[in-house]
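Structure first, then comments.
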């Protein structure tokens, strides 16, 4: 089963799904940019979602984007009329980083049928499909969320997986290597983690590459996964969800470390590695 949907497919199914607009970018976090983009035009019927406020808790010991308060997610789902059986499509501007975070969070609280618009709003526009500036009304749903439908890693679990399985770092190579760190106060990576930039899983137009299996083979070349577990982290658990989506397309059961690097470095006793991936 694919977790992706094309713009053309969505246009045919639009009356049967609830759409969530999750336009957001790390460089515009905690600003109104996503809401401004939504107000200027969105897929007809889509509800706007504030990633920082509705898909993450406030920054703290759990990192820059800890898992959200289930009550906040429940309020979001009720506003959009989403139930455990609703078919949901999430999208963002283009690359699906934020949309994948929504995809993961909704599945974590028990919404089973969630897909991501491949290529985001840019793909919708490129297909010449209609847009709207009208915001749909609150549907006043009564769904009750149940978090924990997807497993997660904490710092200890991530460290163990880096030793005994395969822990992927989804950040850019220079951040992984500790050569630069524009966001967090400490540079480097979890010792034993393998660098796999999530940007390499998509093409220039923001859609997922068609040779995902071949790319995955290159990523793990020389690293025997076997039947072992695969985990993914990034800076704060957003782009890691994007790599989780790519792996899900390959039926790889990966586990997210939501706190990611921004939580790992909260404890100065945790080791930090630098340099590029071996092999």
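Values for this structure:
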item	result
Residue within the stretch 190-209 that is under 22 Å from residue 108 (Cα atoms) and modelled with pLDDT of 95 or more present	yes
Unique residue being in contact with a helix residue (DSSP H, G or I) (Cβ under 8 Å, 6 or more places away or on another chain), surrounded by fewer than 17 Cβ atoms within 10 Å (Cβ to Cβ), in the same structural domain as residue 37 (by TED's automatic domain parsing) and not in a loop (DSSP other than H, G, I, E, B) when the list is 116, 72, 89	72
Flag if residue 200 is within 18 Å of residue 240 (Cβ to Cβ) and buried (at least 18 other Cβ atoms within 10 Å of the Cβ)	no
Residue check, residue 192 touching a residue at least 12 places away in the same chain (Cβ under 8 Å), surrounded by 15 or more Cβ atoms within 10 Å (Cβ to Cβ) and on the phi > 0 side of the Ramachandran plot	yes
Residue check for residue 29: in contact with a helix residue (DSSP H, G or I) (Cβ under 8 Å, 6 or more places away or on another chain), closer than 30 Å to residue 265 by Cβ, surrounded by 15 or more Cβ atoms within 10 Å (Cβ to Cβ) and at pLDDT below 95	yes
Residues (without any contact (Cβ under 8 Å) to a residue 40 or more places away in the chain and in contact with a helix residue (DSSP H, G or I) (Cβ under 7 Å, 6 or more places away or on another chain)) located in the stretch 201-251	209, 212, 215, 250
Wholly within the stretch 192-279, helices (runs of 4 or more DSSP H) carrying at least 1 residues that are within 24 Å of residue 65 (Cα to Cα)	239-249, 260-264
Candidate set: the stretch 171-189, residues that are within 28 Å of residue 119 (Cα to Cα) and in contact with a strand residue (DSSP E or B) (Cβ under 6 Å, 6 or more places away or on another chain); chosen: the one surrounded by the most Cβ atoms within 10 Å (Cβ to Cβ)	176
Residue match in the stretch 108-129 (condition: at pLDDT 95 or above and within 20 Å of residue 235 (Cα to Cα))	yes
Residue tally, condition out of contact with any strand residue (DSSP E or B) (no Cβ under 8 Å at 6 or more places or on another chain) and in a loop (DSSP other than H, G, I, E, B), over the stretch 124-151	18
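Yes or no, residue by residue, for (1) farther than 30 Å from residue 263 by Cα; (2) within 19 Å of the chain's Cα centre (by Cα):
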| position | (1), (2) |
| --- | --- |
| 3 | no, yes |
| 6 | yes, yes |
| 9 | yes, no |
| 15 | yes, no |
| 20 | no, yes |
| 51 | no, yes |
| 60 | no, no |
| 67 | no, yes |
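The values are calculated or read from the model by the stated rules, or taken from the named source; none is laboratory data. Being a predicted model, the structure only gives us computed values, none of them experimental. A quick note on method: Cβ atoms are made from the backbone with ideal geometry, for glycine too, and the neighbour counts reach across all protein chains shown.
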